[in-house]
Each structure stands twice: as C-alpha cells, then as structure tokens.
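For reference, the structure discussed in these notes is given below.
The numbers here are math on the coordinates, done by the rules we state, and not lab data. This one's a predicted model, so the numbers in the text were calculated from it and none came from an experiment. Reconstructed Cβ throughout: ideal geometry from the backbone, glycine too, with neighbour counts over all protein chains shown.
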Amino acid sequence: MSADNQQERSVSINPWYITGFSEGEGTFHIALYKDPKMETSVKVIPEFHVNQSYLRISTLKEIQKYFGCGYIKANHVKNSRDTTYVYVVRNRDELLNNTIPFFERYKFRSVKQLSFETFAKIVRMMAKGQHRTKAGIRKIIDLAYTMNVGGKYRLRKKEELFKILKSSETIR
C-alpha cells in the first residue's frame, strides 16, 4: 500500500502527527550481525520502530493501523521494570511500500531526516541484492555507521565487521 493510498483511508490519526511522534520516539536502524550462513558472513536487518509507554499503547496501535503493517511487542521482555512497547516494521517490502514513501512525503525537520534518507538508501540497495556482494555490504556498513549520531550507540565497531568480511573471504 503506497503512501498516497494511506491518505485515502478514513483514519483518525494525522500523518504529520506520526512524523512528529516518530521524530521524538522513533528510530531507523540497520542491524548488522555476524552470520556464517550469509554469503558475506554479515546479516543486515533494516528496522523502523517507535517506542512508547504501555499507558499510550493506543497511539502505537493507531500508527500500526495507519501503515497497515508491522507489529507491536513488549520492548524489553527480559526486563520486568521496562513497561514500554514498540511498534516495529522489519519486512523489507513493507518498508519499501509503506514506511519509506510515507516519510519521503512527510519529512522530518531535524537531523533525523538524514538518518532516514540513509536508511531508505540502504533498504533500496538491499532490494537490488547489494547486501549479497562484498562491495555492497562494505558500502552498507559504511552508510549504516553514519546514521544515528554516527553509530555512537553501536556495540560493535565498524572495523570488527570488516574483519568478519575479510575472514569469510579467506575461508572461501
């Protein structure tokens, strides 16, 4: 469902509200994991998510209904003190057909716009299969580490991922 079709539906939530809400409570993230089953030994998982207290889970449900995709789950199941929930979209087709067109139409007004543009570029690269090539995955890793304050909150250093790529090349 395209962003244009979303506007034709009769829904109570304003699209600019979704953008504003996502500006404060949302994140575009590219997860990168070591996975020997992958051709490049690195798995790429694009994700858009929005967090909110259980007291306002209805807002997440409205956003999910508006987009017509994604799911809502407890944010940190193993932490009993965390009472937040998260709306998540990971499916690449849903990102390409729903989420990305929406935020291209209803743009952010902060630096989050740059992270979103990089996210959209990476998801489109993946749609072309570039995450399956050494050159493509290197570019994706470089781009992903420019997002969200330059990868400041990432647990793994970019160089570690490049080492995984090198070691997988050696093994093959």
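Ignoring everything except DSSP H segments at least 4 long, calculate the 222 nm mean residue ellipticity for the chain; use -39,500 (n - 2.57) per segment, divide by total residues, nearest 500.
Calculated mean residue ellipticity at 222 nm is -13500 deg cm²/dmol.
Measure of size requested: the Rg and Dmax of the stretch 26-114, with Cα atoms as the atom set and Å as the unit; please supply both.
Radius of gyration, then largest Cα-Cα span, for the stretch 26-114: 14.7, 43 Å.
How large is log10 I(q)/I(0) at q = 0.14, 0.15, 0.16 Å⁻¹ when the Debye formula is applied to the Cα atoms of the chain, each weighted equally and without solvent?
-0.78, -0.88, -0.98
Convert each backbone phi in the stretch 124-132 into a coupling constant with the Karplus relation 6.51 cos²θ - 1.76 cosθ + 1.60 (shift: θ = phi - 60°), then list the ³J(HN,Hα) values in order as whole Hz, x for Gly and Pro.
Calculated HN-Hα couplings, in order: 5, 4, 5, 4, 8, x, 5, 6, 9 Hz.
What number results when the radius of gyration of the stretch 76-172, computed over Cα atoms, is divided by 2.2 N^0.38 Å?
In units of the globular-protein estimate, the stretch 76-172 measures up at 1.28.
By how many degrees, 0 to 90 and rounded to 10, does the Cα axis of helix 134-144 deviate from the longest principal axis of the chain?
Compared with the principal axis, the helix lies near 40 degrees.
For helix 57-67, what angle does its Cα long axis make with the longest principal axis of the chain, in degrees from 0 to 90 and rounded to 10?
80
Taking the chain as a Gaussian network, Cα atoms linked when under 10 Å apart, which of S22, S115, S12 shows the biggest mean-square fluctuation?
Sorting by GNM fluctuation, first place goes to S12.
For a quick protection proxy, order the peptides 80-91, 145-156 by their average other-Cβ count within 10 Å, most packed first.
80-91, 145-156
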